[in-house]
Amino acid sequence: MARTADFSAVAEPGKYKIIVGNVESFPFEIKDKVYENVAKAALKAFYYQRASAALPEKYAGKWARKFAVPDTAVIVHKSAASQGRKAGSVISAPKGWFDAGDYNKYIVNSAITTYTLILLYETFPEAFKSVKINIPESSNNTPDILDEILWNIRWMMKMQDPADGGVYHKLTYANFQPYVMPDEITAPRFVVGKSTSAALDFSATLAHFSLALRKNNPELKLLSDSCLLMAKNAWNWAVKNPDVHFHNPQDIYTGEYADNFLLDNFFWAGIELFHATKDKSYLRYMNRLSEMVTDSLYWAHVAMLGILTALNNQGDAAFEGYENLEKVFRNAVNNIYKNYLNSPYKISLDVFKWGSNGNLLNETLILLNAYKLYGKKEYLDAAISNADYILGKNPVNICYVTDFGSKFPMNIHHRISIADGVKEPVPGFVVGGPNPNDVSDIGAYKYPSLLPAKCYADNENSYSTNEVAINWNAPLVFVMFSIENFMQRNNKISLKKNW
Ligand SMILES: [Ca+2]
Ligand SMILES: [Ca+2]
C-alpha cells in the first residue's frame, strides 16, 4: 500500500529524515535551488557523450578519456549511395553525441533530443546566459547549452547528401561493439540508408534551430540561414520520397529506429518550416491531426513536438486549424494530469514499458509547457511530483539519475561506464527504468520483481531497464531546469508580494 506524507509546511532549510517506527527514510535537504545541481549534471552528461573529442581531466574529472571516434573518414554504405557519393566513397561527419550505451549516431533519435534542448534554451534564454557546466566552451560568450546543442547540430548538418537533400538514417559500425573504450575500436564506420523519417526529423530540427537562432542569437545568422536551407532541401526530398522506411541492410546490425508511420513526422516538419518561413503550403497536414498519436511523445511519435512549437510561437503567425491544435494539446494535458491525480505514487505514468523514465519525463515536459502557457499551479505541482519519482520517490527506492541521491544506479548499460576502470558510473544520466516486457536480456529470475513499476535491475546487461540514452536525458534536462527556473521566478514574485 502507498501512503502520502505531506510535509510541505516544513520550510526551514536543513537536512532531514523521516522516521516511522523502526523505518527511516534516506536523508533529504530543504534548501534553495534544490534542482540546480541535477539539472546541470544532466546537461553535462551530453558532454560526456561527445564523439570526436578527447575529454581532459579539467572538464571530465575522473571520467577523463582519450580522443575517440573522429568520424572524418566514414564509408558510404551501398544502401546510402548516390550519383555523387558512390558506395565505398568516404565522407567526413564528425562530432555529435553517442546515442546511448553504444557509440553509434542515429538521426531520428538525435532530432527529438536536440529539439528538446533547443526548446529548453529558448524557454529561458536569459537564465541560460549564466549557466556554466565546465566544458571547453565555458569561457566563450555563447551559452553552454547552445555550445552543447551545436556539437550535435554540426554533425547532423553533415548527414545530408548535398546532391539530393536526402538524409542518411545513421552513422554506425556494422555491429554493436564489445564493452571497451571508444578509442580501442578500429572497426570502420558507415553512413547507412536514407529514410523519410530521417529527412523529416532532420528538417524539423534544423528549421526549429534556425528560428531559435534568429530570435536569440542574431550573431549566428549565417548558420541560421544554412540550417533553414538544409531543412527545406530535406523536406523536398521527403515529399518526393514519402515512404522510404528504414530497415537494416543484411550486413548492418545496429539500432534501427524504424519509424514507419510518418504522417506525424510530416506534420512536425511542416509546422517548423511554416514558423521559420511563414509559407502556409507547409501546413498541408494540419487537417489530419486526428489520424496521429497525440497523447504520447517519444522518437516515433513526434506530433506533440509540432504542437509545442505552434503553441510557443503562436504570436508570430496565425493559421487555420490552430484552435483544433490547441484543443488536442489541452486534451493530452488533461489526460496526463488525470493520471497523476489517480496514481498512488502521484505520477502521470500508468504504463511501464521500455524507457518508462523517459516517457514520464516527456509527460512532465508537456505539463511544464502547459504551466508556462496557462499558468495553472496544478501543472507545476504535478511536474514536481513526477520529478520526485525520478529522483527517488518510487517503489524501487532509488534515484534513477547517476551520482545523485543516497542510492543510484551503479551498473548502467553504458560502454564507457563499464570499460573506464572508474567504479562510479558517468554522472548525470537517467536510466531507462522499470519495464516488465523485455526481461529476457538477463532473465526474468534476475529481476527483483516482475511487478511493472518494480521491474528494474541495476545490472550492466539489463539494457531493457538500465541503459542510458540521449533522448531520455534531454527531457531530464528540460524538466529539472524548468522546475528550477519556474520556482525561482515564483519565489521572486512571492517575495515582492510580501513587501
Ligand atoms: Ca559557452
Ligand atoms: Ca512517426
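Computed quantities for the displayed model
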| item | result |
| --- | --- |
| Sum of side-chain charges, Asn152 neighbourhood, beta-carbon under 15 Å (Lys, Arg +1; Asp, Glu -1) | 0 |
| Proxy reagent accessibility, fewest Cβ within 10 Å first, across Ser139, Ser482, Ser449 | Ser139, Ser449, Ser482 |
| Fully extended contour minus Cα-Cα distance, from Ser92 to Ala54, at 0.36 nm per residue | 11.9 nm |
| Summed side-chain charge close to Tyr400 - residues other than Tyr400 whose Cβ falls under 14 Å, Lys, Arg +1, Asp, Glu -1 | -1 |
| Contour excess over end-to-end distance, with Cα ends at Arg284 and Phe67 and 0.36 nm allotted per residue | 73.5 nm |
| For the chain: span of alpha carbons on each principal axis (Å, largest first) | 74, 54, 45 |
| R0 of 30 Å, Cβ-Cβ distance Met1-His245: FRET efficiency to nearest 0.05 | 0.05 |
| Residue-averaged [θ]222 nm for the chain, counting only DSSP H segments that reach four residues, each worth -39500 (n - 2.57) | -13500 deg cm²/dmol |
| Linear extension gain, Glu12 paired with Tyr445, 0.36 nm per residue minus alpha-carbon span | 151.4 nm |
| Under 16 Å from the Cα of Lys158 - aspartates and glutamates, other chains or at least 8 residues apart | Asp71, Asp201, Asp225 |
| Mean Cβ count within 10 Å, highest first, over the residues of peptides 72-85, 351-364 | 351-364, 72-85 |
| Distance violations [Cα-Cα > 22 Å] among Lys170/Lys446; Lys377/Lys492; Lys170/Lys280; Lys66/Lys105; Lys62/Lys105; Lys129/Lys492 | Lys170/Lys446; Lys170/Lys280; Lys62/Lys105 |
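Each reported figure results from applying straightforward, stated rules to the coordinates on display, with no laboratory input. Source: prediction; values computed, not measured. Here the Cβ is made from the backbone with ideal geometry for all residues, glycine too, and neighbour counts use every protein chain on show.
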